[in-house]
Each structure stands twice: as C-alpha cells, then as structure tokens.
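The values are calculated or read from the model by the stated rules, or taken from the named source; none is laboratory data. Since the structure is predicted, the reported quantities are computational estimates derived from the model, not experimental observations. A quick note on method: Cβ atoms are made from the backbone with ideal geometry, for glycine too, and the neighbour counts reach across all protein chains shown.
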Amino acid sequence: MNNKIKIYSGILAAFIIASVFSFNACNKKAEGNKTEGTEAHKEGEEAPAEGVKEVHLNEAQYKATGVVLAGFEKKNLSEVINTNGYTKLPPQNQAQVSVPLAGTIKTIKVIEGQYVKMGQVLATLQSIAYNNLRLEREKLYEQLHQSEVNLDYLKLEYARQKELSDENVNAKKVFQKVRSDMNMEESKIKGLQSQIRILSQNIDIGGNSDSPIINITAPISGHITDVNINIGSAVEVGKSLFSIVDNSKMHVDLLVYEKDLFKVKVGQTVRFILTNQNGAEFKGLIFNIGKSFENETKSVAVHADIVNEKHTLIPGMYVNALINIGSQAVDALPQEAVIKAEGREFIFILEGEEKGEYHFQRIEVKTGASQLGFVQITPLHAFDDKKNIVVKGAYYLRSHLQVSEGGGGEHDH
C-alpha cells in the first residue's frame with residue numbers, strides 16, 4: 001500500500017514540474033513577441049495595413065535611383081476620343097529661298113540649324129545678268145537726260161512759234177510741227193522713266209544697287225533647314241538655295257473618323273504625345289475642323305493649335321492624341337509609377353528623410369482607365385502626403401524591397 005502511494009506521488013510531482021516549465025516557456029514567447037512588436041512600431045503608432053511595406057535608402061542609393069517625386073495629376077481618361085496625326089506648319093511659315101537672276105555664289109553667311117531674321121543676308125551672288133541690268137539702266141539714264149534737254153529746247157521753240165503763228169499762216173505749220181515733237185518727247189521721257197523704275201526694282205532685289213554683288217536675304221524669320229549651295233556654285237533662276245521654317249505657328253492635324261466627328265467641336269482641348277519620343281505631353285486647342293475626307297479615307301483632319309513647347313517640335317512628327325469631349329477628371333499617375341507584386345498593384349511614397357536615410361512606404365492601389373502613359377489611381381489605404389509619390393524609380397524600390405526580403409516574395413504578373 002505504501003509503495004502505491006509513493007508511485008502516485010511521484011507521477012503527480014512530475015506532472016506539476018512539466019506544467020511549470022510549459023507555462024514559463026509560453027510566457028517567454030509572449031514576451032518575445034511583445035518586444036518585437038515594440039521594436040517594429042513606436043508607442044502610439046498604428047500597425048501598417050496589409051500590403052504596406054517600407055523601403056529604406058541611404059543617400060548614395062537615393063541618388064543612384066534617379067527617383068522623381070510628384071503628386072496626382074487631374075486627367076480626363078474616359079470621356080475622350082483616341083486619334084493619331086502629325087505636326088504641321090502653315091505655308092506662310094515656310095520659305096524656299098531662290099534668286100531672280102542666274103549667277104555664281106560668292107559667299108555663304110549661314111549654316112543649317114541657324115536662326116535668322118527676315119531681311120538678314122544669307123549669301124551673296126555675282127551675276128553677269130545683274131551687271132547687264134545696271135549697264136542698261138545707265139544707258140536709259142543717258143537717254144532720259146538727252147530727252148529732257150530736247151524737251152526744254154522744244155518748249156522754248158513752242159513758245160516762239162506760237163507767237164509767230166498768230167501773224168503768219170506758214171508759221172502755223174511750223175508751230176504744229178514743234179508741238180508734235182514736244183508731245184513725242186514728253187511721251188518718250190515717260191517711257192524711259194518707267195523702264196528705269198522697273199530696272200531699279202529688279203536691281204534693288206540685291207539690296208545694294210551701287211554694287212555688282214547681289215545680297216540673297218531671308219524672306220521670313222526662322223531656322224535654316226537646308227543649304228543647297230557651295231562657294232562657287234552656279235545657280236539658276238528659281239532653284240532653291242535655302243529652306244527656312246518658322247515653328248512658332250506649329251499645329252497638329254488629327255485624323256478623326258466619321259463615327260466620332262459629331263462629338264468634336266472647335267475650342268475643345270487636346271493632349272498628345274510624340275510617337276517616337278520620351279512620352280512628354282503637349283497640349284492643344286482645336287481651331288478648325290476639315291470639311292472633306294482625307295485621302296479617300298473616312299477620316300477628317302481636325303486642326304489644333306499647340307499651346308506649349310512649340311519650339312521643340314518639327315513638322316511631320318507623328319503623334320498619339322486624346323480629344324477631350326467631357327470633363328470627368330480623375331487622379332492619375334504615370335504608368336511607370338505603378339508596380340505589380342503578389343498579384344496586386346502598388347505605389348511608393350516618401351515618408352521622410354532623417355540623417356541621410358530616406359524612408360519609402362509601399363501603398364496598395366487600384367488602377368482604372370489608362371491613356372497616353374497615364375493611369376487612373378485609387379489608393380486602398382489612406383495617406384497624408386500626396387505630393388511625394390514616386391513617379392519615376394518605383395521599379396528600383398521594388399527590387400530593393402525584394403533583396404531586403406530575401407528575393408522570393410514578389411513577382412510581376
């Protein structure tokens with residue numbers, strides 16, 4: 001009996017000791033979890049929402065990323081007409097420079113790409129034909145001078161014969177002859193003056209009628225796009241020597257199909273990007289709508305003036321454009337600001353900078369309509385600073401986050 005009591009007492013003591021060890025282990029684990037939570041979140045700070053993660057970069061890393069920060073932009077991405085077109089200049093803003101007389105190029109004073117003002121000398125020309133015009137004008141001046149001398153004599157003779165004609169019949173015949181000669185001389189003088197005036201206009205095209213050299217000048221202000229001559233080149237009348245364009249009046253021609261034409265109105269705004277450029281966005285305003293179909297297609301040319309950055313464009317650039325036919329503007333970001341991971345979509349925001357360390361937070365978002373490189377954004381978690389969104393460099397931050405977490409947690413979809 002005593003042996004049984006001793007056995008039962010031993011079993012009970014072992015059970016009590018095991019329970020104590022188990023309780024202490026649970027307490028230590030709980031304390032450890034509590035300590036981790038305290039280190040991860042400061043006192044009074046809410047735990048991050050699901051999907052919210054942080055990235056920390058030092059000064060060197062931050063500069064290497066090329067991160068660009070910006071805020072949401074208001075964009076109309078749904079009530080629009082998608083269209084394509086190209087940049088165009090009106091004919092009055094383009095010029096082909098030629099000469100009215102054949103000759104040989106003596107000097108060239110400009111190069112391609114140079115900006116010139118209207119009337120500026122582009123080149124000089126030596127011309128035998130030009131010299132012949134000047135010689136011909138000198139001969140006409142001599143004839144004019146002789147005719148003026150003759151006219152003065154005839155006027156005096158006319159006055160003398162008029163007195164004689166009143167007394168003698170024979171003198172009347174002489175008087176009529178003198179009057180006829182005087183009228184002919186007056187007509188000759190008028191003809192010579194007219195010829196000299198026309199020759200002078202042709203000579204003055206060169207800019208200096210006292211020199212045998214013709215100045216070839218710019219008919220408009222703009223940039224030289226082509227130089228088709230060399231020193232000593234023989235040029236002909238009508239041959240294009242220079243091309244000049246003035247891009248200040250650049251506009252875009254957009255091709256709108258028949259089904260959308262009734263929605264387009266003068267005064268509507270246009271946003272467009274260049275097809276082969278870096279995605280820079282330009283704005284325009286519709287000022288005219290074509291009245292016929294283009295090139296046997298069911299599209300009509302819609303003309304829109306460009307309201308910003310015309311000087312960076314050249315004629316013939318292809319564009320993708322949106323014509324705003326409504327006013328439903330939404331919060332939007334460049335498409336490269338959004339990254340995909342774990343089957344969801346995220347953006348990064350800069351939380352702050354402290355002692356050369358930059359703190360970024362990953363926020364989950366929902367995307368909507370996208371146009372011209374922008375996408376509608378609806379954040380799924382509230383955040384305060386909406387001007388420090390990473391719009392460029394998000395993929396670097398995503399890669400940095402993958403590395404810091406061991407590289408296995410995030411994948412594009």
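I286 is checked against (1) closer than 25 Å to V68 by Cβ; (2) surrounded by 13 or more Cβ atoms within 10 Å (Cβ to Cβ); (3) out of contact with any helix residue (DSSP H, G or I) (no Cβ under 9 Å at 6 or more places or on another chain); (4) outside the structural domain of Q371 (by TED's automatic domain parsing) and fails just one. What number does that condition carry?
Failing condition for I286: (1).
Please tell me if V319 is assigned to a strand (DSSP E or B) and at pLDDT 90 or above. Break it down stepwise before answering.
Details: assigned to a strand (DSSP E or B): yes; at pLDDT 90 or above: yes.
So V319 passes the test.
So, K239, is that one surrounded by 14 or more Cβ atoms within 10 Å (Cβ to Cβ) and outside any strand (DSSP E or B) or not? Even if it seems obvious, please write down each step before you answer.
Values: surrounded by 14 or more Cβ atoms within 10 Å (Cβ to Cβ): yes; outside any strand (DSSP E or B): yes.
So K239 passes the test.
From the list L401, L380, L350, L372, which residue is of a type in the set (A, V, I, L, M) and surrounded by fewer than 16 Cβ atoms within 10 Å (Cβ to Cβ)? Before you say what the answer is, go through the steps one by one.
Working: L401 fails: surrounded by fewer than 16 Cβ atoms within 10 Å (Cβ to Cβ); L350 fails: surrounded by fewer than 16 Cβ atoms within 10 Å (Cβ to Cβ); L372 fails: surrounded by fewer than 16 Cβ atoms within 10 Å (Cβ to Cβ).
Only one candidate qualifies: L380.
For the range 7-124, which fully contained strands (runs of 3 or more DSSP E) count at least 2 residues that are modelled with pLDDT of 85 or more and more than 34 Å from the chain's Cα centre (by Cα)?
53-58, 103-108
Quick one: which of E336, E353 is acidic (D, E) and more than 33 Å from the chain's Cα centre (by Cα)? Show your work before the answer.
Numbers: E336 fails: more than 33 Å from the chain's Cα centre (by Cα).
None of the other options fit; the residue is E353.
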